[in-house]
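For reference, the structure is listed below as structure tokens.
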2 protein chains.
Amino acid sequence: MGGVSAEPAKQTRRDQILAAAAELFARHGFHGVGIDDIGAAVGISGPALYRHFRSKDAMLGEMLTSISERLLDGGLNRVAASGDPARALRELIRWHVDFALDDPALITVQIRNLANLTDPDRRRVRALQRRYVEVWVETIRKTSPEVDEPTARAAAHAVFGLINSTPHSAHLDRDQMAALLSQMALASLSGALPVPGRVS
Amino acid sequence: MGGVSAEPAKQTRRDQILAAAAELFARHGFHGVGIDDIGAAVGISGPALYRHFRSKDAMLGEMLTSISERLLDGGLNRVAASGDPARALRELIRWHVDFALDDPALITVQIRNLANLTDPDRRRVRALQRRYVEVWVETIRKTSPEVDEPTARAAAHAVFGLINSTPHSAHLDRDQMAALLSQMALASLSGALPVPGRVS
DNA sequence: CGGTCAGGTTAACGCCCGTTTACGTGGACT
DNA sequence: AGTCCACGTAAACGGGCGTTAACCTGACCG
């Protein structure tokens, strides 16, 4: 090694492929996209992808794993960075909204293509997702102590659904969309759970 | 009504197949389910399905079309049956929540497998969905007149996402889940949009 | 009774598509 | 200069799966 700036070129290749594949998977579904389509999307054609990935399944696996990791890391960071629970909850919401608005394709793929994962990959992704949900559950329960855990979990999933709806609507400009989703998410939690974390 | 119970036998066959297929499609995705799997699920095997449907695509088409129709009809009825907009909105929410809780498989299929539809089928389904969204948009705008149409549409999609999250969480009993989702849905609309339809 | 028809069955066909193989080629390091 | 090796390509393979074909049956009806 010893190469100073050798990697970006190589890493970029894989990432470029993953990005293109994500876009295609989101639009047409995993099985609706051929290996040739993915290749064509990055200018090479067909089996050349096997220089970069072991299989088509491996692409999806890596894609979903990295999404789940990013989501979890971001969530943990936001919570750690903000002192009180109420603020943490607002930060979590903002984080998830930003993610969904910036990478709608990734959100779509993660939701729609869990079933197409290899068993071990699915286990990994599921585990990461569970931990992310737990971050939300804990934060929710700190702002609303008497909410029981199952309810908090269901509420968290509901908020994910709300925010992840973004790929289906989209025809608002980014800032308006972010504001709308954040407000709705916060309101759905504050207004519906016992002991709202906000106004009395 | 004269005829007591003549038709169910024949109609039941198709419907039985559609129900089984919906369950399977929801769990494994359209392409993850073979024609043989569907057959096995209703006790017959393989190509026998072609006595009832022209093709596998036709099954999905019929399935999604009927879901969209049921959703739209129910929505229209609920709105028509309830006088003022605020009440209509609550009825719409209840209707959608009940649907999602009673037929989670159908909800999942409708969301995840639009891409697998034939072009004409997709157009049909999309049109029905659009009309259903319009019902919501109109109701929302009647309760909150100064919300512009695009915002109302985005909010409607967000609420759908919230309610449709039900297949992913589920581990609450039905009534609690219904109450939670309804409250969150209403709160997300009331609390986030200008001129909430409820309190002050 | 003999014919029709709805509803099944199994076997075969044919295509699509992921994967493998065999083969080029240009740049980087010694 | 010679040698690797990362990166591509085009062609062939092979399995899975939707669909079709050919054939069977029992129920109903004239």
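The values are calculated or read from the model by the stated rules, or taken from the named source; none is laboratory data. No experiment lies behind these values; they were computed from the predicted model shown. Here Cβ is always computed from backbone atoms with ideal geometry, including for glycine, and neighbour counts include all displayed protein chains. The accessibility values were calculated without ligands, DNA or RNA, using every heavy atom of the protein model including side chains. Shrake-Rupley method; radii C 1.70, N 1.55, O 1.52, S 1.80 Å.
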Could you check how many residues of region B:31-54 are of a type in the set (Ser, Thr, Tyr) and out of contact with any Gly (no Cβ under 9 Å at 6 or more places or on another chain)? 1
Residue by residue through region A:111-135, note down the ones that are farther than 20 Å from A:Ile93 by Cα, facing chain B (nearest Cβ under 10 Å), open to solvent by 20 Å² or more (accessible area, probe 1.4 Å) and under 14 Å from the mean Cα position of the chain (by Cα). A:Arg112, A:Leu114
Is it true that some residue in region A:44-62 is within 14 Å of DNA strand C (Cβ to nearest atom), under 24 Å from B:Asn116 (Cα atoms), within 14 Å of chain B (Cβ to nearest Cβ) and of a type in the set (A, V, I, L, M)? yes
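Considering only region B:136-166, how many residues are of a type outside the set (A, V, I, L, M, F, W, C), more than 7 Å from chain A (Cβ to nearest Cβ) and either assigned to a loop (DSSP other than H, G, I, E, B) or open to solvent by less than 40 Å² (accessible area, probe 1.4 Å) (or both)? Don't jump to the end; show me each part of the working.
From region B:136-166, those of a type outside the set (A, V, I, L, M, F, W, C) are B:138-139, B:141-146, B:148-151, B:153, B:157, B:161, B:164-166; that's our starting set.
If we keep only those that are more than 7 Å from chain A (Cβ to nearest Cβ) too, we end up with B:138-139, B:141-146, B:148-149, B:166.
From what is left, the residues that are either assigned to a loop (DSSP other than H, G, I, E, B) or open to solvent by less than 40 Å² (accessible area, probe 1.4 Å) (or both) are B:139, B:143-146, B:148, B:166.
Residues in region B:136-166 being of a type outside the set (A, V, I, L, M, F, W, C), more than 7 Å from chain A (Cβ to nearest Cβ) and either assigned to a loop (DSSP other than H, G, I, E, B) or open to solvent by less than 40 Å² (accessible area, probe 1.4 Å) (or both): 7 in total.
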Got a sec? Which of A:Asp98, A:Asp84 is over 23 Å from B:Arg27 (Cα atoms), surrounded by fewer than 21 Cβ atoms within 10 Å (Cβ to Cβ) and free of Cβ contacts under 8 Å to residues at least 40 places away in the same chain? A:Asp84
List pairs: first in region A:27-38 and within 14 Å of another protein chain (Cβ to nearest Cβ), second buried (at least 18 other Cβ atoms within 10 Å of the Cβ) and outside any helix (DSSP H, G or I), Cβ under 7 Å, 6+ apart or cross-chain? A:Phe30/A:Asn113
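For (1) crowded, with 20+ Cβ neighbours inside 10 Å; (2) closer than 23 Å to A:Phe25 by Cβ, each residue gets a yes or a no:
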{"site": "B:Glu23", "(1), (2)": "no, no"}
{"site": "B:His28", "(1), (2)": "no, yes"}
{"site": "B:Gly34", "(1), (2)": "no, yes"}
{"site": "B:Ala40", "(1), (2)": "no, no"}
{"site": "B:His52", "(1), (2)": "no, no"}
{"site": "B:Ser55", "(1), (2)": "no, no"}
{"site": "B:Ser66", "(1), (2)": "no, no"}
{"site": "B:Asp102", "(1), (2)": "no, no"}
{"site": "B:Val109", "(1), (2)": "yes, yes"}
Any residue in region A:47-58 that is in contact (Cβ under 8 Å) with a residue 12 or more places away in the chain sitting within a Cβ distance under 6 Å of a residue that is more than 11 Å from DNA strand D (Cβ to nearest atom) and of a type in the set (A, V, I, L, M, F, W, C)? List the pairs, counting only those 6 or more apart or interchain. A:Phe53/A:Met59
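Conditions (1) of a type in the set (S, T, N, Q); (2) more than 16 Å from DNA strand D (Cβ to nearest atom), marked per residue:
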{"site": "B:Ala40", "(1), (2)": "no, no"}
{"site": "B:Ala58", "(1), (2)": "no, no"}
{"site": "B:Gly61", "(1), (2)": "no, no"}
{"site": "B:Ser68", "(1), (2)": "yes, yes"}
{"site": "B:Val79", "(1), (2)": "no, yes"}
{"site": "B:Leu89", "(1), (2)": "no, yes"}
{"site": "B:Arg94", "(1), (2)": "no, yes"}
